[in-house]
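Student: Please find one structure pasted underneath; my questions will follow.
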Amino acid sequence: MNDFLDRFRPHLKEIDNALNQSLGARVPVVADIVQYSLLGAGKRIRPLLFVLSSHLCGYKGQDVYRLSTLFEYVHAASLLHDDVLDNADLRRRKPSARQVWGNPAAVLGGDFLYSAASAIAVECRNLELIRLLSDVLKRMVEGQFLELDHTHDWKITRVEYMEIITAKTAALMGAACTSGAMVAGADEKTIERLGDFGLKLGIAFQLMDDLLDYTSSEEVFGKPVGKDLKEGKITLPLVYFLSELDSAEVERLAELFKSQKAAETDYAHFIRRVRASKAIDKVRSEALEYIGKAGEVLAFFADSKAKQDLLELGGYVLARHH
């Protein structure tokens, strides 16, 4: 992980500098929530994808880091809203914003960040980019609705799960790459390929995130392990694990956890069972497959530092422990 940070430190420093610029919040509590949610935390994967994609396509503009922040604003806003929907107490190893300021303030903080992202998109004076941002915001909300609709759905299929994570997570990463190519004035085929790269990388990222919810520790992961299960989110490790059981056992487990009667020992025992199953290797293998497909997309581009950096991001997604 340190090698990853060292490789991208110049970019990450510039991105953080741009994020440190005032968003013009006139109400102190808004500024506090924004600062708390944005600064000193996060990997900046989405703005980094934008910067690297624009560089891959030859963009030399000095505004690249400022423009990249819109993707971190959107991501941070979605997390603020997610934590309210999930009643989350912890985010990135510290109390969630809703724990500090309450649910209404956290929702409004997210709204403010979405507005800030839109304002930066307008600075580009690129109608296609603005349209893309609008589309991805709608898609993320739809993904959230789908997830809500499948809460405690122990019969969710892999197809339905993939639809959720593509909309909620991968779409924004795809948009970051697409936008980088757009601001560089790339041709339609190049824009499409970079969007495809980001989408595949985003799917792998979420697969690993859902895997870590079963295999990591709270100290490393920055939020409680088994959080998805407690919130009624049936992610791919669980989908695959349940496929190994008979229907009666699935019904028994579904009733135990859906009824909120499960004790901490029940959760701990169940997580150990998932960890020991074939589901873990199956999901990890699937993430590796998506990273491989993302790398194949980049084969169309000439070798460059930006291309190598994007490939390295794929390695980071697979290797990360939090």
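Student: Restricting the search to the range 14-28, which residues are modelled with pLDDT of 90 or more and open to solvent by less than 60 Å² (accessible area, probe 1.4 Å)?
Tutor: Ile15, Asp16, Ala18, Leu19
Student: Residue check, Leu212 against (1) modelled with pLDDT under 95; (2) closer than 30 Å to Tyr65 by Cβ; (3) in contact with an Asp or Glu (Cβ under 9 Å, 6 or more places away or on another chain), all met but one. Which one?
Tutor: The failed condition is (3).
Student: Failed condition for Phe300, given (1) loosely packed, with under 15 Cβ neighbours inside 10 Å; (2) part of a helix (DSSP H, G or I); (3) in contact (Cβ under 8 Å) with a residue 24 or more places away in the chain, with all others met?
Tutor: (2) is the only condition that Phe300 fails.
Student: Also: List the helices (runs of 4 or more DSSP H) that sit entirely inside the range 208-297 and contain at least 1 residues that are out of contact with any Lys or Arg (no Cβ under 6 Å at 6 or more places or on another chain), open to solvent by 10 Å² or more (accessible area, probe 1.4 Å) and within 24 Å of Gly143 (Cα to Cα).
Tutor: Hits in the range 208-297: 218-221, 227-230, 236-242, 247-258.
Student: Also, I was wondering about something else. Anything in the range 29-62 that is within 23 Å of the chain's Cα centre (by Cα), over 30 Å from Pro104 (Cα atoms) and open to solvent by less than 40 Å² (accessible area, probe 1.4 Å)? List them, or say none.
Tutor: Matches in the range 29-62: Leu48, Leu49, Phe50, Val51, Leu52, Ser53, Ser54, Leu56.
Student: Taking the range 44-67 as the region of interest, how many residues are in contact (Cβ under 8 Å) with a residue 12 or more places away in the chain and either under 17 Å from Thr169 (Cα atoms) or not in a helix (DSSP H, G or I) (or both)?
Tutor: 12
The values are calculated or read from the model by the stated rules, or taken from the named source; none is laboratory data. Here the structure is a predicted model, which is why all the values come from computation and not from measurement. Reconstructed Cβ throughout: ideal geometry from the backbone, glycine too, with neighbour counts over all protein chains shown. With ligands, DNA and RNA removed, areas are computed over all heavy atoms of the protein, side chains included. Shrake-Rupley method; radii C 1.70, N 1.55, O 1.52, S 1.80 Å.
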